[in-house]
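Visitor: Structure provided below as structure tokens; questions to follow.
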Amino acid sequence: MTFILKKIKSIVPKEKQIEIKNGKRKIVDRKILQGYVLVDMKLSDETWYIIRNTPGVTGFIGTGTQPSPCSAKEIANGFI
């Protein structure tokens, strides 16, 4: 199981923004897609089982029972 988990990488899409608080500028990371976590993995029965049965995971983007992969263009455009 440990070997399989090393093949799964989770990504929370963020962007840098300037926040002004008390007259001071500060650069902060803001989540782009609230509530979403992107997963970079090779889809197999074992990895799909782990992700699907992770506590707190309520659904997936895609049709049917399999998640949909993001294209390289979507990733380059910031997942939007």
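Visitor: For the chain, what does the helix formula give at 222 nm: sum of -39500 (n - 2.57) over DSSP H segments with n ≥ 4, over the residue count, nearest 500 deg cm²/dmol?
Guide: Mean residue ellipticity, 222 nm, calculated: -4500 deg cm²/dmol.
Visitor: Excluding residues fewer than 8 places away in the same chain, name every one of the aspartates and glutamates whose C-alpha is closer than 14 Å to that of Lys9.
Guide: In chain and number order, the partners are Asp40.
Visitor: A further question follows. Work out which chymotrypsin sites (Phe, Trp or Tyr not before Pro) in the chain are exposed loop sites (DSSP not H, G, I, E or B, at most 15 other Cβ within 10 Å) and give the longest gap free of them.
Guide: Answer - 1-35.
Visitor: Given Lys24/Lys73; Lys14/Lys42; Lys21/Lys42, which pairs have Cα atoms separated by over 32 Å?
Guide: Over 32 Å Cα-Cα: Lys24/Lys73; Lys21/Lys42.
Visitor: Would you please give the residues with an amide H less than 5 Å from that of Val39, counting only those at least 5 places away or on a separate chain, with H modeled from the backbone geometry?
Guide: So Val39 has HN proximity to Ile11.
Visitor: Next up: So what is the accessible area of segment 19-69 per residue, in Å², with the probe set to 1.4 Å?
Guide: 87
Visitor: Same structure again: Could you compute how fast the chain diffuses translationally, taking Rh as the Kirkwood radius over C-alpha pairs and applying Stokes-Einstein at 20 °C with viscosity 1.002 mPa s? Give it in µm² per second.
Guide: Translational diffusion coefficient: 143 µm²/s.
The values are calculated or read from the model by the stated rules, or taken from the named source; none is laboratory data. This structure is a prediction, so every number in the text was calculated from the model and none was measured. As a convention, Cβ positions derive from the backbone with ideal geometry for all residues, glycine included, and neighbour counts pool all protein chains shown. Remember, those area values only see protein heavy atoms, side chains included, never the ligands or the DNA or RNA. Shrake-Rupley method; radii C 1.70, N 1.55, O 1.52, S 1.80 Å.
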